[in-house]
Amino acid sequence: MEELSEARAIANRGLEGCAHARPGQREILIVDGETLDAMNLAPGSIRENITTTGLNVNGLEVGRRLRIGGVCLEVSGVCTPCDQLERLRPGLRRELWGRRGMLCRVIEGGTIRRGDLIEKIALVKEAAGAKHAAR
């Protein structure tokens with residue numbers, strides 16, 4: 001992973017040039033820096049795309065929309081730790097269970113710059129699992 005001062009997010013795709021992006025759900029992975037610090041890990045080492053400060057990323061609800069610069073993201077799910085993490089440190093997969101970060105979809109593309117504020121802007125009920133019965 002390469003640290004950038006800015007990156008271009010593409011709607012329904014992910015970050016431009018990211019080999020890990022999977023259109024639909026796994027477009028962008030965000031992780032809070034506090035988790036990385038607690039685990040003695042460098043930003044980017046667990047393959048996150050965006051590292052935050054002061055935001056409890058794992059506390060975000062699925063369906064929560066976020067505005068970062070001119071980009072709108074929607075939290076699509078929890079990122080489950082994978083076996084790749086064991087290459088960094090034996091036991092890291094287990095240590096990161098429930099703390100690996102959240103996956104997001106790009107709703108509106110644009111540029112994200114280091115230092116951009118992250119604003120919680122909406123909670124999309126349908127994406128959060130609310131169901132309504134037909135009458």
Checking the conditions here, which among 100, 67 is surrounded by 17 or more Cβ atoms within 10 Å (Cβ to Cβ) and at pLDDT 95 or above?
67
Please tell me if residue 78 is touching a Lys or Arg at 6+ places or on another chain (Cβ under 9 Å) and within 21 Å of residue 23 (Cα to Cα).
yes
Output the number of the condition that residue 6 fails; it satisfies all remaining conditions of (1) in contact with a Ser or Thr (Cβ under 9 Å, 6 or more places away or on another chain); (2) at positive phi.
(2)
Condition first: open to solvent by less than 20 Å² (accessible area, probe 1.4 Å), in a loop (DSSP other than H, G, I, E, B) and not polar (S, T, N, Q). Can you find one or more residues in the stretch 8-17 that meet it?
no
Qualifying strands (runs of 3 or more DSSP E) (wholly inside the stretch 26-135; at least 3 residues being in contact (Cβ under 8 Å) with a residue 24 or more places away in the chain)
28-32, 64-68, 71-78, 102-108, 110-113, 118-123
For residue 95, state whether it is modelled with pLDDT under 95, among the acidic types (Asp, Glu), more than 25 Å from residue 16 (Cα to Cα) and open to solvent by 50 Å² or more (accessible area, probe 1.4 Å).
yes
Given the structure, is residue 41 crowded, with 17+ Cβ neighbours inside 10 Å, out of contact with any Pro (no Cβ under 9 Å at 6 or more places or on another chain) and either closer than 16 Å to residue 25 by Cα or of a type in the set (Val, Ile, Thr) (or both)?
no
In the stretch 43-52, how many residues are over 18 Å from residue 97 (Cα atoms) and in contact with an Asp or Glu (Cβ under 7 Å, 6 or more places away or on another chain)?
1
In the stretch 44-59, which residues are of a type outside the set (D, E, K, R) and open to solvent by 10 Å² or more (accessible area, probe 1.4 Å)?
44, 45, 49, 50, 51, 53, 54, 55, 56, 58, 59
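The values are calculated or read from the model by the stated rules, or taken from the named source; none is laboratory data. Computed from a predicted model, the values in this text were never measured in an experiment. Here the Cβ is made from the backbone with ideal geometry for all residues, glycine too, and neighbour counts use every protein chain on show. These area figures cover heavy atoms from the full protein model, side chains too; ligands, DNA and RNA do not enter into them. Shrake-Rupley method; radii C 1.70, N 1.55, O 1.52, S 1.80 Å.
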